[in-house]
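Everything below concerns the one structure shown next.
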Amino acid sequence: MKHRKRAFTLKPGLASLCLLASVVHAQDVADIPEAVRENVELLIQNGLDDNVGYEFVRDLTTEVGQRLAGSEAEERARIWSTQKLAELGFANIRTEPFKIPYWSRRVDKASIVSPAPQDMVISALGGSTSTPPGGVEAEVIRFESMGELRAASTDVVSDKIVFIDEKMTRTQDGSGYGMAVRKRRNCATTTSQKGGLACLIRSVGTQSRRFAHTGMMFRSAAVGDGPAAALSPPDAEQLTRLLENGPVKVRLEIEVETQPEAPSGNVIAEVVGRERPEEIVLIGCHLDSWDLGTGAVDDGAGCGIVVGAAHLIMSLDEAPRRTIRVVLYGAEEVGLLGGFAYAKRHADEMDQHILAAESDFGADKIWRFETRFGDRALPYARAIQRVLEPLGISPGHNLASGGPDISMLPRLGVPVVTPRQNGWDYFDLHHTPDDTFDKIDQGNLNQNIAAYAAFAYLAAEMDWDFRE
Ligand SMILES: [Zn+2]
């Protein structure tokens with residue numbers, strides 16, 4: 001992209017008024033013309049009253065339901081979305097197909113065999129192998145953390161069912177997930193390297209109800225990863241109490257279906273820019289979900305948010321200068337495969353991607369707006385942050401990574417933003433049977449829609465270069 005110099009007005013004295021001096025040292029704020037500001041205000045007002053986004057996630061989760069990557073249901077979701085986007089008046093609607101390895105559960109059951117026979121609630125992890133027919137039965141060995149399993153000797157683990165009982169910390173920004181998810185990703189591989197038969201983890205989640213959180217684990221063909229499943233939190237505690245009394249024998253039965261290749265795809269729709277249609281402001285979400293719930297907060301909500309926001313921009317008297325591109329990514333849950341497919345397919349248009357954002361953290365309110373802009377583009381970040389303040393959104397740092405499917409774009413030079421949502425309750429629902437539409441509050445969802453509409457419109461209407 002060509003680098004143009006932009007003029008911005010300096011507003012001396014703002015530093016003393018601004019409580020955010022610790023976050024933002026220089027206080028240069030780019031100017032927004034009155035007519036553009038009026039449109040932004042209109043978008044925010046209409047966003048808070050919007051029904052399109054809420055109805056999108058309601059109908060997607062109702063009329064399609066769960067959308068496991070590579071499944072027939074994910075394909076129905078692509079067809080459903082293209083029809084819905086056409087009804088809403090979007091342009092250039094298309095699906096960009098790609099192939100993925102397919103995995104789905106058929107059976108996942110576990111029980112304590114001795115000393116106190118009883119069933120446990122589990123969920124096989126994505127990528128788990130099947131147990132031998134009839135299941136596997138063995139003594140359990142418990143570890144407090146993934147690190148403890150790594151440090152354990154082969155003698156201790158060999159021929160056992162490993163149980164990692166690590167808890168996840170509840171935080172507003174979801175930062176507890178990064179640590180907690182390591183056991184989900186690595187347990188099977190490490191267990192199998194040490195001669196263990198299967199791996200059970202305490203669910204990666206923050207709730208205490210009797211259902212388990214699924215999610216993807218790493219697979220390493222070289223070591224032949226074994227079966228792995230997550231236990232519901234009460235079952236993890238039950239198992240721990242029994243282990244305090246002596247040896248416990250568990251039976252685990254997992255049967256999965258895999259195919260080397262299955263169809264997935266990214267659904268794309270646009271509001272075409274009136275002056276520079278080739279320049280793209282990308283707002284995305286992922287269309288696939290896990291199979292247990294209906295993928296409402298993960299990530300039907302994100303799709304409702306970006307579709308609702310782009311639709312509001314489309315409803316203005318004239319389109320913004322640049323194109324708003326909505327991308328509903330496929331196969332995010334199984335390794336960001338839609339994100340990688342998009343980056344590959346659009347590799348030589350990356351310099352025309354002005355800005356990218358992905359909504360994939362539930363349906364609660366945005367509380368902070370983070371950017372990853374060039375240093376000289378910080379006045380644009382501040383201008384956007386000012387605009388979002390009435391929505392209760394604070395200015396954030398300039399180290400944003402974007403959402404999962406756009407996490408590869410900063411390396412390709414694309415500026416990204418992270419409108420950071422409140423994640424306090426997100427990991428109560430994430431990847432569980434309880435991730436259903438009734439959990440979504442329309443007022444909170446609409447705050448997201450208003451914010452996405454405002455910043456995406458500004459990025460598309462103003463002549464700003466965020467790479468500067
Ligand atoms: Zn997600």
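The values are calculated or read from the model by the stated rules, or taken from the named source; none is laboratory data. Remember, it's a predicted structure, so these values are computed and weren't measured experimentally. Neighbour counts are summed over all protein chains in view; Cβ atoms, including those assigned to glycine, are modelled from backbone coordinates with ideal geometry.
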Of (1) surrounded by 15 or more Cβ atoms within 10 Å (Cβ to Cβ); (2) more than 25 Å from the chain's Cα centre (by Cα); (3) among the β-branched types (V, I, T); (4) in a strand (DSSP E or B), V107 satisfies every one except (1)
Of all residues in the stretch 400-414 being under 24 Å from R67 (Cα atoms) and part of a helix (DSSP H, G or I), which is nearest to the chain's Cα centre (by Cα)?
P404
Could you give every pair whose Cβ atoms fall below 6 Å, whose first residue belongs to the stretch 415-444 and is farther than 15 Å from V204 by Cβ and assigned to a loop (DSSP other than H, G, I, E, B), and whose second residue is of a type in the set (S, T, Y) and at pLDDT 95 or above, counting only separations of at least 6 or pairs across chains?
T436/T294
Checked pairs for the stretch 376-405, first under 17 Å from E41 (Cα atoms), second among the acidic types (D, E), C-beta under 8 Å and 6 or more apart or across chains, list as R382/D28; A383/D31
Does the stretch 59-72 contain at least one residue that is in contact (Cβ under 8 Å) with a residue 60 or more places away in the chain, among the hydrophobic types (A, V, I, L, M, F, W, C) and part of a helix (DSSP H, G or I)?
yes
Within the stretch 304-322, of all residues that are over 30 Å from T62 (Cβ atoms) and surrounded by fewer than 24 Cβ atoms within 10 Å (Cβ to Cβ), the one nearest to the ligand (Cβ to nearest atom) is A319
Hits in the stretch 268-295 - residues which are over 12 Å from the mean Cα position of the chain (by Cα) and aliphatic (A, V, I, L, M)
I268, A269, V271, V272, I280, V281, L282, I283, L292
Do we find a residue being modelled with pLDDT of 50 or more, over 22 Å from A459 (Cβ atoms), part of a loop (DSSP other than H, G, I, E, B) and among the acidic types (D, E) anywhere in the stretch 14-29?
no
The stretch 324-371, residues that are more than 14 Å from the ligand (Cβ to nearest atom) and part of a helix (DSSP H, G or I):
F340, A341, Y342, A343, K344, R345, A347, D348, E349, M350, D351, Q352
Filter the stretch 409-464 down to residues that are surrounded by 20 or more Cβ atoms within 10 Å (Cβ to Cβ) and away from the ligand (no atom under 16 Å from the Cβ), then give me how many there are.
22
Would you say T169 is loosely packed, with under 15 Cβ neighbours inside 10 Å and either touching a Pro at 6+ places or on another chain (Cβ under 9 Å) or under 27 Å from G402 (Cβ atoms) (or both)?
yes
Selected residue [within 19 Å of S232 (Cα to Cα), without any contact (Cβ under 8 Å) to a residue 24 or more places away in the chain and touching a strand residue (DSSP E or B) at 6+ places or on another chain (Cβ under 9 Å)] from E144, E148:
E144
Hey, any hits in the stretch 80-93 for a residue that's in a strand (DSSP E or B) and either modelled with pLDDT under 95 or not small (G, A, S) (or both)?
yes
A262: more than 16 Å from the chain's Cα centre (by Cα), part of a helix (DSSP H, G or I) and among the aliphatic types (A, V, I, L, M), yes or no?
no
Being farther than 18 Å from D165 by Cα, touching a residue at least 60 places away in the same chain (Cβ under 8 Å), in contact with a strand residue (DSSP E or B) (Cβ under 7 Å, 6 or more places away or on another chain) and not β-branched (V, I, T) narrows it down to one of P227, P277, P263, P247, so name that one.
P263
